[in-house]
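One structure below.
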Amino acid sequence: MASEIKEAAEKKYKSRIRKFKKVVKSDEEKDKFFSQLGASFEIFLPTKNPEEMADSFLLYCDVDGTVVDAEYTYNEGEEFESFPVDEKDLKLLVEAVEDFKFVTLKEE
């Protein structure tokens, strides 16, 4: 059973990479793809003992890249708690990360 899921995951991964290659090569494919895509990203906050405790904010974006929702997660070992971020705090989080930019990897 484990080998079946691994095989399925590898097949899906290759399919997704082929799609991203098309997106990179064609503005039409890019527009089509991103009109269907929302995104999320997680901000892992620094802690003194990450093996014992971790916390993060998960930000959700719509197809235009606008952050529309967020949640905070706190965990100690296997126990965790998660709750939504209110609108006032969401605005603060967006302001705090607004200068964050993705950059491409340099080719070797």
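The values are calculated or read from the model by the stated rules, or taken from the named source; none is laboratory data. Quantities reported herein were computed from a predicted structural model and do not represent experimental measurements. Here the Cβ positions follow ideal geometry from the backbone for every residue, glycine too, while neighbour counts run over all protein chains shown. Each accessible area value is taken on the protein alone, full model and side chains, heavy atoms only, with ligands, DNA and RNA left out. Shrake-Rupley method; radii C 1.70, N 1.55, O 1.52, S 1.80 Å.
Before moving on, here are some points about what is shown:
- Among the residues listed as 5, 43, the single one being over 17 Å from the mean Cα position of the chain (by Cα) and at negative phi: 5
- Looking only at residues of the stretch 54-80 that are over 16 Å from residue 90 (Cα atoms) and in a loop (DSSP other than H, G, I, E, B), we find that the one that is most open to solvent (accessible area, probe 1.4 Å) is 78.
- Residues of the stretch 22-41 that are surrounded by 11 or more Cβ atoms within 10 Å (Cβ to Cβ) and not small (Gly, Ala, Ser): 22, 23, 29, 30, 32, 33, 34, 37, 41.
- Scanning the stretch 14-53 for residues that are assigned to a helix (DSSP H, G or I), among the aliphatic types (A, V, I, L, M) and modelled with pLDDT under 90 turns up 23, 24.
- All of 87, 51 fail the test of being surrounded by fewer than 14 Cβ atoms within 10 Å (Cβ to Cβ) and more than 24 Å from residue 101 (Cα to Cα), apart from 51.
- Some residue of the stretch 86-99 being at pLDDT 90 or above and in a loop (DSSP other than H, G, I, E, B): yes
- Pairs where the first residue, in the stretch 17-46, is among the acidic types (Asp, Glu) and the second is open to solvent by 80 Å² or more (accessible area, probe 1.4 Å) and assigned to a helix (DSSP H, G or I), C-beta under 8 Å, 6+ apart: 29/22
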